[in-house]
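J.: Below are the structure tokens for one structure; questions will follow.
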Amino acid sequence: MGGGSRRMGTDKASLFFGRERMVERVVARLKKAFPRMILVGGDAEKYSYLGLPVVRDVYPGRGPLAGIHAALVHVSTPYVFVAACDMPFADAGLALFLVRQAPGHDVVVVRDGSYLEPLFAVYGKGCLQAVEHTLKVNMRPRVVDFFPLVKVKYIERRELAGMADVGKAFFNVNTPQDLERALREEEC
């Protein structure tokens, strides 16, 4: 769930979104769907108050794909649902819908034209070898770089409109302006 937070200029997970930190909000929203969760890439001591196991990247400093890799390595379940820590409107129902699409696939990801939502998606243990290969051959891979090597199920964003407010559900807070906009959306 962690990241570099370069565009924000500070640790996004620790930013306050109203009265709670961003990571607390995402965890609380997704805990409705997933009672067992781990936090990847975070400082175990810093996030101990969340009561979640915290695991480190096996390939530190290599971006979100390294976080997905760490999650796959550290869990015993056949699939993991991955969500970024900067999605204040993460929707548990939408997450569960994506998980239900996973059998028979290595990745389930939402697509809107050529744009993908790889940090609100499902990854199976079956893609671990392809993820590891991608991390070994590319110092800063994009999450989607390994997709051609595995079986991906693409869910069209327009198909989700009746399930959730997808405009909000996929909103990321990357800049101070994004945070202001998200806080305004929360008030609506």
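The values are calculated or read from the model by the stated rules, or taken from the named source; none is laboratory data. Owing to the predicted nature of the structure, the values given are computational and were not obtained by experimental measurement. Don't worry about glycine lacking a Cβ; one is built from the backbone with ideal geometry, like all the others, and counts go over all protein chains shown. Keep in mind that these areas ignore ligands, DNA and RNA; they rest on the heavy atoms of the full protein, side chains included. Shrake-Rupley method; radii C 1.70, N 1.55, O 1.52, S 1.80 Å.
J.: What's the carbon and sulfur percent of the stretch 41-87's accessible surface, probe 1.4 angstrom, rounded to a whole number?
T.: Working: 1180 of 2080 Å².
Reported share for carbon and sulfur atoms: 56 percent.
J.: Would you mind working out the accessible area per residue for the stretch 50-112, using a 1.4 Å probe, and quoting it in Å²? Intermediate results must be reported in sequence, preceding the final value.
T.: On the way: 2310 Å² over 63 residues.
It amounts to 37 Å² per residue over the stretch 50-112.
J.: Please identify, among Met139, Met87, Met37, the residue showing maximal mean-square fluctuation in a Gaussian network model of the chain using a 10 angstrom Cα cutoff.
T.: Met139
J.: Cα gyration tensor of the stretch 99-180, axes a ≥ b ≥ c as square roots of the eigenvalues: rounded (a/c below 1.5), prolate (a/b > b/c) or oblate? It would help to have the intermediate numbers written out before the result.
T.: Working: a/c = 2.53, a/b = 1.31, b/c = 1.93.
Cα axes put the stretch 99-180 in the oblate bin.
J.: Only Lys, Arg, Asp and Glu count, each charged at its Cβ (+1, +1, -1, -1), so figure out the dipole size of the stretch 133-174 about its Cα centre, rounded to 20 debye. Walk me through the intermediate numbers first.
T.: Working: 8 positive and 4 negative charges, 36 e Å.
Here the size comes out at about 180 debye.
J.: Given the options Pro148, Pro53, Pro64, state which has the largest fluctuation in a GNM of the chain using a 10 Å cut-off (strictly under) for Cα springs.
T.: Of Pro148, Pro53, Pro64, the most mobile in the Gaussian network model is Pro148.
J.: Need one value: the accessible area of Lys136 in square angstrom, 1.4 angstrom probe, rounded to the nearest 10.
T.: Surface open to solvent at Lys136 totals about 130 Å².
J.: Then there's this: Based on the alpha-carbon gyration tensor of the chain, what equivalent-ellipsoid semi-axes (square roots of 5 times the eigenvalues) come out, in whole Å, largest first? Please report the intermediate quantities before stating the final value.
T.: Numbers: eigenvalues 112, 82, 51 Å².
The answer is 24, 20, 16 Å, longest axis first.
J.: Once the Cβ-Cβ distance between Ser76 and Ser114 is put in as r, and R0 is 45 Å, what FRET efficiency do you end up with, to the nearest 0.05? Intermediate results must be reported in sequence, preceding the final value.
T.: Details: r = 35 Å, r/R0 = 0.77.
With a Förster radius of 45 Å, E is 0.85.
J.: Right, here's the next one. So what is the calculated 222 nm ellipticity per residue for the chain, using -39500 (n - 2.57) for each DSSP H run with n of 4 or more, over all residues, to the nearest 500 deg cm²/dmol?
T.: -8500 deg cm²/dmol
J.: Protein chains only, probe 1.4 Å: how do Ser48, Ser76, Ser14 rank by accessible area, largest first?
T.: Working: Ser48 75, Ser76 110, Ser14 25 Å².
Highest to lowest solvent-accessible surface, that is Ser76, Ser48, Ser14.
J.: What accessible area, in Å² to the nearest ten, does a 1.4 Å probe give for Arg21?
T.: 70 Å²
J.: Sticking with this structure for a sec: What whole-number value in Å² describes the accessible area per residue of the stretch 131-176 for a 1.4 Å probe?
T.: Numbers: 2560 Å² over 46 residues.
About 56 Å² of surface per residue is accessible.
J.: Let a ≥ b ≥ c be the square roots of the eigenvalues of the Cα gyration tensor of the stretch 139-188; is it rounded (a/c under 1.5), or, if not, prolate (a/b larger than b/c) or oblate? Please list the in-between numbers first.
T.: Working: a/c = 5.99, a/b = 1.46, b/c = 4.11.
Cα axes put the stretch 139-188 in the oblate bin.
J.: Projecting each Cα onto the charge dipole of the stretch 1-124 (Lys/Arg +1, Asp/Glu -1 at the beta carbon, about the Cα centre), which of Ala92, Gly104, Phe81 comes out farthest on the positive side?
T.: Projecting each Cα onto the dipole axis, the largest value belongs to Ala92.
J.: How much solvent-accessible surface does Met163 expose, in Å² to the nearest 10, with a 1.4 Å probe and all protein chains in place?
T.: 90 Å²
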